[in-house]
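Colleague: Here you go, one structure.
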Amino acid sequence: MIRPTRAAAATLLTALALTGCADDRTTADPVASPVPEIGAQLIHPVDDGEVHQCEVFRGTARLPEDKTLVLGVRNVDNGSPERYFEVVDDWEYPGDLAEWSGSQWFGSGDSSVGQRFRAEVLIMDLAEVRTAVRAAAEKGWHAPDNPAGATVAAHITLKRVPGRGPSECA
């Protein structure tokens with residue numbers, strides 16, 4: 001027969017096991033789901049890959065409502081520090097960028113064939129991108145440095161090959 005003190009202890013251990021607070025040798029602890037982090041991944045093209053005059057980039061992202069994605073590229077072989085920026089498709093709707101795509105250009109015609117480019121996926125404030133896109137309508141969007149406050153989420157080096165690129169770039 002179990003004495004009252006042992007019975008109370010057994011009841012307490014059973015309650016702890018049922019709530020997930022007992023020693024993990026008796027029951028599995030419930031695991032809290034990790035909080036999603038802000039970020040973006042680049043799936044295509046891949047590092048050291050080849051690109052045409054225009055290439056469609058694809059990836060995934062997890063962004064808050066006040067952030068969006070921008071593609072940046074610079075030629076690492078021609079000596080120019082200039083970077084050229086393009087917004088991804090549906091950039092105005094960060095919630096729709098879980099799977100994203102966007103086009104980026106690599107020179108004019110086949111003038112840059114054989115040269116290497118560094119391409120970056122940038123996370124930026126949505127309001128700042130709206131302002132930059134309006135200004136770019138007149139003079140294009142380029143600068144020797146990434147925009148202030150931009151976070152580089154992914155970067156790769158690519159080699160330019162001949163050709164216009166995918167039909168989506170037309």
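The values are calculated or read from the model by the stated rules, or taken from the named source; none is laboratory data. Keep in mind the model is a prediction, meaning the values are calculated, not measured. Heads up, the Cβs are rebuilt from the backbone with ideal geometry, glycines too, and the neighbour counts pull from every protein chain shown. Accessible surface is based on the protein model in full, side chains and every heavy atom, while ligands, DNA and RNA are left aside. Shrake-Rupley method; radii C 1.70, N 1.55, O 1.52, S 1.80 Å.
Colleague: Counting only residues 5 or more places away or on other chains, whose amide H sits under 5 Å from the amide H of Gly49 once H atoms are built in the peptide plane?
Modeller: Amide H neighbours of Gly49: Lys159.
Colleague: Further, regarding this structure: Would you calculate the separation in nanometres between label points at Thr157 and Asp110, each defined as 7 Å from the Cα along the Cα-to-beta-carbon direction?
Modeller: Here the modelled spin labels are 2.5 nm apart.
Colleague: Got a sec to turn the phi values of the stretch 106-113 into Karplus ³J(HN,Hα) couplings, 6.51 cos²θ - 1.76 cosθ + 1.60 with θ = phi - 60°, whole Hz, x for Gly and Pro?
Modeller: Per-residue couplings from phi come out as 10, x, 10, x, 9, 5, 10, 4 Hz.
Colleague: Set the Förster radius R0 to 45 Å, insert the Cβ-Cβ distance between Asn78 and Glu37 as r into 1/(1 + (r/R0)^6), and round the FRET efficiency to 0.05.
Modeller: Values: r = 36 Å, r/R0 = 0.79.
Efficiency for this residue pair is about 0.80.
Colleague: Would you mind getting the accessible area per residue of the stretch 71-170, heavy atoms of the protein chains only, 1.4 Å probe, in Å²?
Modeller: 54
Colleague: Among the GluC sites (Glu not before Pro) in the stretch 68-170, which ones are in a DSSP loop with at most 13 other Cβ atoms within 10 Å of the Cβ? Mind listing them?
Modeller: Filter output for the stretch 68-170: Glu82, Glu92.
Colleague: Work out the FRET efficiency for Ala143 and Ser167 from their Cβ-Cβ distance, taking R0 = 41 Å, and round it to the nearest 0.05. Please list the in-between numbers first.
Modeller: Working: r = 30 Å, r/R0 = 0.73.
After rounding to 0.05, the efficiency reads 0.85.
Colleague: Hey, how many Å between the Cα centroid of the stretch 98-136 and the Cα centroid of the stretch 47-93?
Modeller: Measuring centre to centre over Cα atoms gives 4 Å.
Colleague: May I ask you to evaluate 6.51 cos²θ - 1.76 cosθ + 1.60, the Karplus curve with θ = phi - 60°, for each residue of the stretch 125-136 and list the ³J(HN,Hα) values in order in whole Hz, giving x for glycine and proline?
Modeller: 3J(HN,Hα) across the stretch 125-136, in whole Hz: 5, 4, 4, 5, 5, 4, 4, 5, 5, 4, 5, 5.
Colleague: Moving on. Taking amide H positions as placed in the peptide plane 1.01 Å from N, state which residues far from Gly163 in sequence (5 or more) or on other chains have amide H under 5 Å from it.
Modeller: Sorted by chain and number, the residues that satisfy this are Gln53.
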